[in-house]
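One structure is given here, and the rest of the page talks about it.
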Amino acid sequence: MKTVSELVFKDKDGKIVVILEHVLNIMLNYRQLTPTSFEAAGVLIGERRGPHLVICDLSVPGIGDIRSRYQVNRKGKHHQKKVVECFYSSNGFQQYVGEWHTHPEDYPSPSFLDKQSWRDNLVADIPMVTIILGRKALWVARKENNKIREMREVSLSE
């Protein structure tokens with residue numbers, strides 16, 4: 001992955017997701033770069049700016065999470081605690097906007113289990129974000145109602 005200050009993704013409808021630099025840097029620490037690396041997961045915390053989302057913070061793996069090479073189950077109570085802390089410290093501007101996890105592949109794509117989990121557990125009438133972090137790239141999508149729409153990385157000038 002190239003070094004950037006932030007990443008911008010756009011869907012076919014022109015809706016944008018921005019991942020701030022410090023969020024990206026934290027996620028990059030959890031890439032599965034060795035054959036013994038376990039999957040990692042957390043929640044995404046951000047701001048809604050009209051139809052667009054800015055990812056400002058995230059939770060990371062911790063006590064209570066169940067992790068293996070090809071699966072992760074975000075069970076730790078620290079994920080919800082992080083959402084609440086960000087909500088209050090931002091006067092309600094930052095909120096839960098989705099989830100992220102890793103895959104042990106260079107260019108990740110969602111598994112059947114990922115898609116099923118998002119349909120069953122990421123339920124909201126407002127747009128949410130899903131991110132899969134691979135070794136060399138990110139896969140990013142917006143979930144609106146029951147539709148998952150993949151997004152593409154764009155430059156700030158697009």
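Place +1 on the Cβ of every Lys and Arg and -1 on the Cβ of every Asp and Glu in the stretch 6-154, take the dipole about the Cα centre, and give the residue among Ile16, Ile66, Cys86 whose Cα lies farthest towards its positive end.
Of the candidates, Ile66 comes out farthest on the positive side.
What fraction of the Cα pairs in the stretch 6-154, stated in percent, has a spacing above 19 angstrom? Each step should come with its number before you reach the end.
Working: 5445 of 11026 pairs.
I get 49 percent for the Cα pairs in the stretch 6-154 exceeding 19 Å.
Using a basic spin-label model with each label point 7 Å from the Cα along Cα→Cβ, how many nm lie between Lys77 and Asn25?
3.1 nm
Multiply the residue gap between Arg119 and Ser155 by 0.36 nm, knock off their C-alpha separation, and tell me the result in nm, one decimal place.
10.0 nm
Could you work out the mean projected area of the convex hull around the alpha carbons of the stretch 44-106, in square nanometres to one decimal?
Hull-based average projected area comes out at 5.1 nm².
Give me the dipole magnitude in Debye, nearest 20, for the stretch 1-104 about the Cα centre, with unit charges on the beta carbon: positive for Lys and Arg, negative for Asp and Glu.
Using only the charged Cβ atoms, the result is roughly 220 debye.
How high is the relative contact order of the chain, in percent, counting Cα pairs under 8 Å that sit 6 or more residues apart?
About 24 percent, as a whole number.
Mind giving me the nanometre distance, one decimal, between the label points for Phe87 and Lys136, set 7 Å out from Cα along Cα→Cβ?
4.0 nm
Roughly how many Å is it from the Cα centre of the stretch 1-61 to that of the stretch 69-130, as a whole number?
What the calculation gives is 11 Å, centre to centre.
Where Rh is the Kirkwood radius over the Cα pairs of the stretch 11-71, the temperature 4 °C and the viscosity 1.567 mPa s, what D in µm²/s does Stokes-Einstein return?
Estimated diffusion coefficient is 98 µm²/s.
How large is the translational diffusion coefficient of the stretch 90-158 in µm² per second when you combine the Kirkwood radius over alpha carbon pairs with Stokes-Einstein at 20 °C and 1.002 mPa s?
Details: Rh = 13.1 Å.
Answer, rounded: 164 µm²/s.
Just the number, please: percent antiparallel of the DSSP beta bridges in the stretch 6-154, rounded to the nearest 5.
Percent antiparallel among DSSP bridges in the stretch 6-154 is about 80.
Using the count of nearby Cβ atoms within 10 Å as a rough guide to exposure, how do Lys115, Lys15 rank from fewest to most?
Lys115, Lys15
Most exposed first by the Cβ proxy, i.e. fewest other Cβ within 10 Å, how do Glu21, Glu144 rank?
So the ranking, lowest neighbour count to highest, is Glu21, Glu144.
Readers should treat all values here as calculations from the given coordinates under stated rules, not as data from a laboratory. On a predicted model such as this, the values are computed, not experimentally measured, just so you know. No Cβ is skipped: glycine too gets one built from the backbone with ideal geometry, and neighbour counts run over all protein chains shown.
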